[in-house]
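Student: Questions regarding the structure given below will be posed in turn.
Read-outs: derived from the displayed coordinates by stated rules, not from any lab. This structure is a prediction, so every number in the text was calculated from the model and none was measured. Note that each Cβ is placed from the backbone with ideal geometry, even for glycine, and that neighbours are counted across all protein chains shown.
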Amino acid sequence: MTETQQKAVFGTFWKWLARKDSSDTSVAAAKAVDSKGLEKQVYNIIACFKGDGCIQDDVLNELSWLPYSSVTARFAALKRKGLVQLTGEKRLGRSGKQQAVMVAVTNQGN
């Protein structure tokens, strides 16, 4: 994905990060989230796994310095934008439960 495509694709409007009935502090927090940077980081980690794909735990391990919710909240946005898709395969996660395998979609119209 080119840098221009990345600029156009990554990031989620802050109003989509907070509920309609959110408190002022929640709205302020939503406005402060660097969703563009977080989505890009999560996407790049998933893309590193190439065709083998990865599970949530793999991404969390690679981005261990970030809060859990900062990472896991990006999966839905990336799937909604068509940047990540589920393979239908499942793998055992750290908790002993099955997790969906994700792969990065790398051909965004090119």
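Student: Which whole-Hz ³J(HN,Hα) couplings does region 92-103 yield from phi under the Karplus relation 6.51 cos²θ - 1.76 cosθ + 1.60, θ = phi - 60°, glycine and proline marked x?
Tutor: So the Karplus estimates, Gly and Pro as x, are 6, x, 4, 6, x, 9, 6, 10, 5, 8, 10, 10 Hz.
Student: Fully extended, how many nm does the chain gain between residue 79 and residue 36 (0.36 nm per residue separation, minus their Cα-Cα distance)?
Tutor: Net length gain for the segment: 14.0 nm.
Student: Can you give the relative contact order of region 3-104 as a percent, counting alpha carbon pairs under 8 Å and 6+ residues apart?
Tutor: Rounded, it is 27 percent for region 3-104.
Student: Check residue 89: other-chain or 5+ apart residues with amide H under 5 Å from its amide H, H built from backbone geometry?
Tutor: 101
Student: Please list 3J(HN,Hα) in residue order for region 58-65, calculated via the Karplus relation 6.51 cos²θ - 1.76 cosθ + 1.60 where θ = phi - 60°; whole Hz, with x for glycine and proline.
Tutor: Calculated HN-Hα couplings, in order: 4, 5, 4, 5, 6, 10, 5, 7 Hz.
Student: Here is a follow-up. Tell me which chymotrypsin sites (Phe, Trp or Tyr not before Pro) from region 8-105 have a DSSP coil assignment and no more than 14 other beta carbons within 10 Å of their own.
Tutor: Taking region 8-105 and a limit of 14 other Cβ atoms within 10 Å, the loop chymotrypsin sites (Phe, Trp or Tyr not before Pro) found are 13, 65.
Student: Report the label-to-label distance for residue 25 and residue 69 in nanometres (one decimal), using points 7 Å from each Cα along the Cα→Cβ vector.
Tutor: Taking the simple label geometry, residue 25 and residue 69 are separated by 1.1 nm.
Student: Could you please report the charge total around residue 93, scoring K, R as +1 and D, E as -1 over all other residues with beta-carbon less than 12 angstrom from its beta-carbon?
Tutor: +2
Student: Under 19 Å Cα-Cα from residue 36, which aspartates and glutamates qualify once same-chain neighbours fewer than 8 residues away are excluded?
Tutor: 3, 62
Student: Dipole of region 3-104, Cα-centred, from +1 at each Lys and Arg C-beta and -1 at each Asp and Glu C-beta, to the nearest 20 debye?
Tutor: Computed about the Cα centre, the dipole is about 300 debye.
Student: Please list, by residue number, every one of the trypsin sites (Lys or Arg not before Pro) in region 36-95 that is coil in DSSP and has at most 16 other beta-carbon atoms within 10 Å.
Tutor: Qualifying residues, ordered by number: 81, 94.
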